[in-house]
Amino acid sequence: APITRTVLPFLLILAIVVATRAPYLGDPAPGFDEQLYNLIGQQMLHGALPYVDLWDRKPIGLFLIFALSARLGDLTGLGVVMGYQVMAMLFTLGGAWLTFALAAREARLSAALIAGAAYPPLMGYLGSFAGQSEAFYVPLMLAMLTLVEAGRRKQLARDAVLPFGAAMLVGGLALQIKYTVAPQCAFLGLAAIWHLHSKGIVRPQLVGIALAFGLLGLLPTLLAAFAYAVAGHWDEFLFANFISIFGRASPGHKFPIQLLPFFAILAVPAMMGAAALAIERKRPSPTYLLRAGWAASCIAGLFMGSTIYAYYFAALVPAALLMAIPVFGLLGPVAGAVLIAALLFAYNVPARIGFARADRAATGQLARMAAPHVDARHCLYVFDGPSALYRMTGGCLPSRFIYPDHLNNALEQHALGIDTAREVRRILAREPGAIVTANRPVTVPNQHTTALVRQEIARNYLPLTSVAFAGRVLTLHIRKDGIPGNPKR
């Protein structure tokens with residue numbers, strides 16, 4: 001019945017999405033990166049231009065999402081933080097539903113439901129629980145896969161061209177959220193071309209179609225580049241998007257051994273799915289082989305940058321779940337329900353509620369105590385800590401490099417197009433009203449900038465308060481003599 005095959009699965013998946021993401025709703029600093037994206041998106045509404053006024057190397061599409069969510073948050077009363085978190089929740093719902101729908105084409109309902117229901121907790125467990133870029137581009141890649149599979153089901157080549165073309169455009173949109181989807185886009189594009197070739201499209205036509213598909217995939221990026229070139233900021237766009245990453249130093253271990261458990265969480269069920277086919281002596285279907293190739297292209301995307309972090313593995317979640325469908329098919333409804341319950345238990349929603357509440361209290365305390373000590377000329381400077389504090393205190397921004405990691409991380413020292421030590425000297429020369437530091441770094445510290453900040457704090461600042469935040473201790477320092485016009489308090 002339709003209600004059994006659609007409505008009930010949708011309601012179950014919706015409940016799991018809400019349960020896994022609700023702990024972080026309203027948390028201004030749930031993770032490192034989304035704080036920056038949210039701040040840039042909000043500043044864009046006030047005229048700031050990414051790469052020019054505020055720097056990061058992510059594609060402009062990601063910042064446009066956060067600008068839109070900030071605007072919608074203002075209009076709906078949700079606020080700029082809840083705005084992006086609710087939007088990410090909707091994207092996650094879409095990703096989970098597409099995973100379910102794709103699985104349902106190859107397996108019985110119970111197996112498909114396991115795949116769809118496992119998507120939200122696995123994404124969250126791997127770090128995509130609030131507003132990481134994976135929350136937004138992974139559903140788009142699932143949509144691209146869905147369109148490619150739809151085209152492959154067409155008997156006539158001419159009927160496949162439209163869904164294939166739509167798939168390329170969707171992939172191009174995902175490319176403007178994070179460039180690491182490039183291997184996935186290339187693989188699915190080649191799969192589409194191969195299908196057209198198998199249906200008898202001759203070489204001259206095939207070359208033209210391939211060029212058209214490539215243009216559709218690159219169209220969003222070309223439009224972004226054109227807009228920056230017309231605005232006179234081509235150099236800034238080119239450097240941030242395509243050059244700066246090559247200046248980023250390597251930490252010396254491309255695949256840190258401590259990340260193996262995160263990879264295993266996805267690799268084991270995927271391999272079990274392939275093993276289940278072998279045990280039952282079933283030949284993998286063309287669709288399963290396509291998805292296996294897509295999974296390999298997802299893995300290839302992990303190695304595009306100089307570093308790999310745990311949250312990068314969230315990009316592999318749907319591919320791993322679709323690869324695991326054969327083993328999910330061996331489980332009955334009861335065993336499937338137990339598996340999903342175990343995943344939710346491991347996700348530990350009550351503990352996450354506690355962590356998020358503690359982090360909200362810590363950032364709130366820092367913001368309240370910092371606000372009286374900063375003004376329009378004497379900014380807060382978050383050398384290490386939540387970049388959300390800039391928005392929460394309402395003061396000025398001390399630099400266009402507002403992401404703390406850019407100036408305190410040794411790996412970024414030669415990747416920003418500036419002398420990082422000179423930039424920190426410039427910030428400190430403007431006499432920040434308050435400075436936030438941490439008791440230990442998250443990444444390899446930039447020794448030059450760290451020394452400059454420590455020396456300045458020792459000369460001119462006093463610690464005002466310290467708070468526990470995300471496993472570290474953050475300290476707020478204020479000027480010993482106060483800021484001009486606002487004497488020492």
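The values are calculated or read from the model by the stated rules, or taken from the named source; none is laboratory data. Given the structure is predicted, the values throughout are model-derived calculations rather than measurements. Methodologically, a virtual Cβ is constructed for each residue, glycine included, from the backbone with ideal geometry; neighbour enumeration extends over all protein chains shown. Remember, those area values only see protein heavy atoms, side chains included, never the ligands or the DNA or RNA. Shrake-Rupley method; radii C 1.70, N 1.55, O 1.52, S 1.80 Å.
Remark: pairs (first residue in region 200-223, touching a residue at least 12 places away in the same chain (Cβ under 8 Å) and under 20 Å from Gln176 (Cα atoms); second residue of a type outside the set (Gly, Ala, Ser) and open to solvent by 80 Å² or more (accessible area, probe 1.4 Å); Cβ separation under 7 Å; 6+ apart in sequence or on different chains) = Pro220/Leu173. One residue stands out in region 333-378 among those that are more than 26 Å from Met82 (Cα to Cα) and in contact with a helix residue (DSSP H, G or I) (Cβ under 7 Å, 6 or more places away or on another chain): the one that is modelled with the lowest pLDDT, namely Pro333.
Looking at Ala346, is it outside any loop (DSSP other than H, G, I, E, B), within 30 Å of Ala415 (Cβ to Cβ), of a type in the set (A, V, I, L, M) and touching a residue at least 12 places away in the same chain (Cβ under 8 Å)? Criteria not met by Ala346. Annotation for region 289-308: at least one member residue is closer than 30 Å to Ala101 by Cβ and of a type in the set (Lys, Arg).
Within the option set Ile353, Ile402, Ile457, being within 24 Å of the chain's Cα centre (by Cα) and farther than 27 Å from Leu238 by Cα holds for one residue only, Ile353. Selection of region 199-237 for residues being modelled with pLDDT under 95, in a helix (DSSP H, G or I) and either within 29 Å of the chain's Cα centre (by Cα) or small (Gly, Ala, Ser) (or both) yields an empty set.
Restricting attention to region 99-127, the residues being under 21 Å from the mean Cα position of the chain (by Cα) and not in a helix (DSSP H, G or I) number 2. Here region 150-164 is the region considered, the condition is being surrounded by fewer than 24 Cβ atoms within 10 Å (Cβ to Cβ) and in contact with a helix residue (DSSP H, G or I) (Cβ under 6 Å, 6 or more places away or on another chain), and the residue that is nearest to Tyr37 (Cα to Cα) is Pro163. Of everything listed in (1) farther than 17 Å from Pro9 by Cα; (2) open to solvent by 20 Å² or more (accessible area, probe 1.4 Å), the single unmet condition for Ser110 is (1).
Inspection of region 425-444 identifies no residue that is modelled with pLDDT under 95, farther than 24 Å from Arg57 by Cβ and either buried (at least 22 other Cβ atoms within 10 Å of the Cβ) or not hydrophobic (A, V, I, L, M, F, W, C) (or both).
With respect to Gly127, is the statement that it is open to solvent by less than 40 Å² (accessible area, probe 1.4 Å) and on the phi > 0 side of the Ramachandran plot true? Judged against the criteria, Gly127 is a match. In summary, helices (runs of 4 or more DSSP H) completely within region 263-330 and bearing 2 or more residues that are at negative phi, polar (S, T, N, Q) and in contact (Cβ under 8 Å) with a residue 40 or more places away in the chain occur at 286-302. Here is a check on your reading of the model: is Thr420 within 21 Å of Leu462 (Cβ to Cβ) and surrounded by 18 or more Cβ atoms within 10 Å (Cβ to Cβ)? No: the conditions fail for Thr420. Per this entry, Tyr381 is not counted among residues that are in a helix (DSSP H, G or I) and either in contact with a helix residue (DSSP H, G or I) (Cβ under 7 Å, 6 or more places away or on another chain) or not aliphatic (A, V, I, L, M) (or both). Among the residues of region 196-238, those identified as of a type in the set (Phe, Trp, Tyr) and buried (at least 18 other Cβ atoms within 10 Å of the Cβ) are Phe213, Tyr228, Phe237. Scanning region 346-362 for residues being among the aliphatic types (A, V, I, L, M) and crowded, with 17+ Cβ neighbours inside 10 Å gives a total of 2. When Leu72, Leu93, Leu11, Leu62 are screened for being of a type outside the set (D, E, K, R), open to solvent by 30 Å² or more (accessible area, probe 1.4 Å) and either under 19 Å from Pro139 (Cα atoms) or outside any helix (DSSP H, G or I) (or both), only Leu11 passes.
When the strands (runs of 3 or more DSSP E) confined to region 425-485 are screened for residues that are not aliphatic (A, V, I, L, M), those reaching at least 2 such residues are found at 461-469, 472-479.
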